[in-house]
Amino acid sequence: MSDESGFSPYMAARWPALVRSAVLLGSSRHEAEDLAQTTLIRCYTAWNRVEAAADPDAYVYKVLVNSLASSRRRRWWGERPTADVPVADTSPDAADDLATRDALLAALAELPTTQRQVLVLRYYADLTESQVARVLGVAVGTVKSRASRGLKHLAESPHLNSTNGTIGDARRPR
């Protein structure tokens, strides 16, 4: 690797957003951290290609989405019976409003994976439509239609309409 100096600042700046994006894509907080770490390791080993890419952020998010898909194919995500009740994570959550966050996660979980990917990459990761299209390997029109359908589902979601009126009130009238 010829220029490792650019990787550390890049990683430090992108780490929180990668973890949050992975959570919004359907991972638990711990899985999201593992996924972000895997993404950054893969990008570190190919740092010359990442830096040379026309859009390094799109490249990194493509690695994130592909790593998530890969991990879902490899692992079984069903219940595992155990004699001991697992201890709940009691660490404080940095979210401003836990009820809104939980409602958003529940609503996102009900979306098809393709729509959830588009919404997270477009509106949370703040990638452009063309960047999202490159990350997912689809046409820009597909990104637009998936975003439209996904936003419609979120607007109609009972999860987002029952959180003290905060999110549900922002819906456009029909």
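Observations, loosely collected:
- Count of residues meeting criterion [over 20 Å from Tyr123 (Cα atoms) and open to solvent by 50 Å² or more (accessible area, probe 1.4 Å)] in the range 8-17: 4
- Candidate set from the range 23-60 (those that are open to solvent by 30 Å² or more (accessible area, probe 1.4 Å), hydroxyl-bearing (Ser, Thr, Tyr) and part of a helix (DSSP H, G or I)); member that is farthest from Leu119 (Cα to Cα): Thr45
- For the range 146-158, filtering for residues that are more than 18 Å from the chain's Cα centre (by Cα) and within 21 Å of Ala69 (Cβ to Cβ) leaves 0.
- Near pairs, Cβ below 6 angstrom, 6+ apart or cross-chain, from the range 37-66 (over 15 Å from Ser8 (Cβ atoms)) to any residue that is part of a helix (DSSP H, G or I) and open to solvent by 80 Å² or more (accessible area, probe 1.4 Å): Ala58/Arg134; Val63/Arg42
- Verdict on Arg20 being free of Cβ contacts under 8 Å to residues at least 60 places away in the same chain and basic (Lys, Arg): no
- The range 84-127, residues that are assigned to a loop (DSSP other than H, G, I, E, B), open to solvent by less than 100 Å² (accessible area, probe 1.4 Å) and at pLDDT 75 or above: Leu111, Pro112, Ala125, Leu127
- Residue in the range 135-159 that is least open to solvent (accessible area, probe 1.4 Å), counting only those that are under 13 Å from Leu108 (Cβ atoms) and in contact (Cβ under 8 Å) with a residue 40 or more places away in the chain: Ser157
- Number of the exception - Ser162 against (1) open to solvent by 50 Å² or more (accessible area, probe 1.4 Å); (2) hydroxyl-bearing (Ser, Thr, Tyr); (3) modelled with pLDDT of 90 or more: (3)
- Hey, Arg20 crowded, with 16+ Cβ neighbours inside 10 Å, of a type in the set (Lys, Arg) and within 22 Å of Thr128 (Cβ to Cβ) or not: yes
The values are calculated or read from the model by the stated rules, or taken from the named source; none is laboratory data. What you are looking at is a predicted structure, and each value in this text was computed from that prediction instead of being measured. Heads up, the Cβs are rebuilt from the backbone with ideal geometry, glycines too, and the neighbour counts pull from every protein chain shown. We work out accessible area using only protein heavy atoms, side chains counted, and drop any ligands, DNA or RNA first. Shrake-Rupley method; radii C 1.70, N 1.55, O 1.52, S 1.80 Å.
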